[in-house]
Amino acid sequence: MATPSNDKAPWQQADPPADEDRHEEPVWTGLLPAVVPADTAPEDEQHDGHDDARRGAGQRRAPGRTGGGSRAVGAAEAAGDDDRDEEAHRRAALRRDALADEPRLPKLQQVLLVLVLPLALLAAAVRVVATPLFLWAEYHRPGFPADSYGFSTEERMTFGSYGLDYVMNWAPPAFLGGLQDADGAQLFLGSEVAHMTDVKIVLQSALAAVAVLALLGIVSCLYLRAKAPGAASGALFFGSWLTVVLLVVLAVAAVLGWQQFFALFHSLFFADGSWTFRASDTLIRLYPTQFWMDAAIAVAGLTLLGALAVMVATWPTAFRRHRALDRVRRRQELKRRLAGR
């Protein structure tokens, strides 16, 4: 079997033999060609060779035997040889089964990791931004537009926290619909409550779906790390670059036309007319355009930091590649010993 080329993944190649004069037969395991020296035969085969030598010596010491006794002894020895051959084949089959430890669908799992990483980083950033801490920082930062209809910063913080809590919990619409202002008037209109309910459904469904995909990604990472060292880190490294590219594309689209970008984003998830309100409505007073622009910048920044952290952690250095190869070799040696028991 030809030695795998150096452009393959660490779990698909091995270092070439150190001594070309030693005739070593590579045993393909699906991950690395585990080289077995020709002068190192399995223990059971060595025993069989010694037994054959002893039988040959015994036969040479007794050349004069004839008759039915010799035929009976010969038949017994032939049956014993068959039993030993069968046992040797069985042990060899067990050894091959132990060494044949290929990962299941490695390419598919790598694609899953590449696609899940941007979604997981984006979902984590959205969840961090959707907190009272970010709300407080927005309302108290210099330059944030004041409410021209009379909400104070404290009132904004109180009512804005209600809206934020509503989209993150499972409370009924009355959680928002029952709120009243200082004059006893209903704070949120029915259309506003309906839109916030749509936001709740979309946001929580998306976060739940990404959580399931992230769990599958973690399982794939652990599986590939055990059976194909280097495969998971390579997929995550590529996924981090994909995340950066997607962020750049979205940032350019938002900068060139924020209103168009904002409208396109809402039209993907909400029905036309259900997400547009007047400037005097509570949702606009609590969450003006500047709020959403700052939230988008914060989400993009956190996602970028996460992608850079993953990129640094999975950068394909020579040390990490050699470490992955060493893990494969140690694992194969353990499997070979287990198969030889």
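Label-to-label distance, Leu207 versus Thr131, with points set 7 angstrom from Cα along the beta-carbon direction: 1.2 nm. A crude spin-label estimate for the pair Val249 and Leu108, with each label 7 Å from Cα along the Cβ direction, gives 2.5 nm.
With +1 assigned to the C-beta of every Lys and Arg and -1 to the C-beta of every Asp and Glu, and no other charges, what is the dipole magnitude of region 108-248 about the Cα centre in debye, to the nearest 20? Before the final figure, lay out the partial values.
Values: 6 positive and 9 negative charges, 201 e Å.
Magnitude of the dipole: close to 960 debye.
Relative contact order, whole percent, for region 215-335 stands at 45, derived from Cα pairs under 8 Å and 6 or more residues apart. Take the Cβ-Cβ distance between Arg90 and Arg327 as r, set R0 to 35 Å, and report the resulting FRET efficiency rounded to the nearest 0.05. Approximately 0.75, to the nearest 0.05.
Between Leu189 and Val312, full extension at 0.36 nm per residue minus the direct alpha carbon distance yields a gain of 39.5 nm. Among the trypsin sites (Lys or Arg not before Pro) in region 225-331, those located in a DSSP loop and surrounded by at most 15 other Cβ atoms within 10 Å of their own Cβ are Arg278. Report Asp281's accessible area, 1.4 Å probe, all protein chains in place, as a number in Å² to the nearest 10. Approximately 10 Å² for this residue. Within region 290-324, which residues have the backbone N less than 20 Å from the label spot 7 Å out from Leu242 along Cα→beta-carbon, could you tell me? So the set is 300-316. Under the simplified labelling scheme, the Ala174-Trp258 pair shows an inter-label distance of 3.9 nm, with each label point 7 Å from Cα along Cα→Cβ.
The values are calculated or read from the model by the stated rules, or taken from the named source; none is laboratory data. As the structure is a prediction and not an experimental result, all values here were calculated from the model. As a convention, Cβ positions derive from the backbone with ideal geometry for all residues, glycine included, and neighbour counts pool all protein chains shown. What goes into the accessible areas is simple: the full protein's heavy atoms, side chains included, and nothing from ligands, DNA or RNA. Shrake-Rupley method; radii C 1.70, N 1.55, O 1.52, S 1.80 Å.
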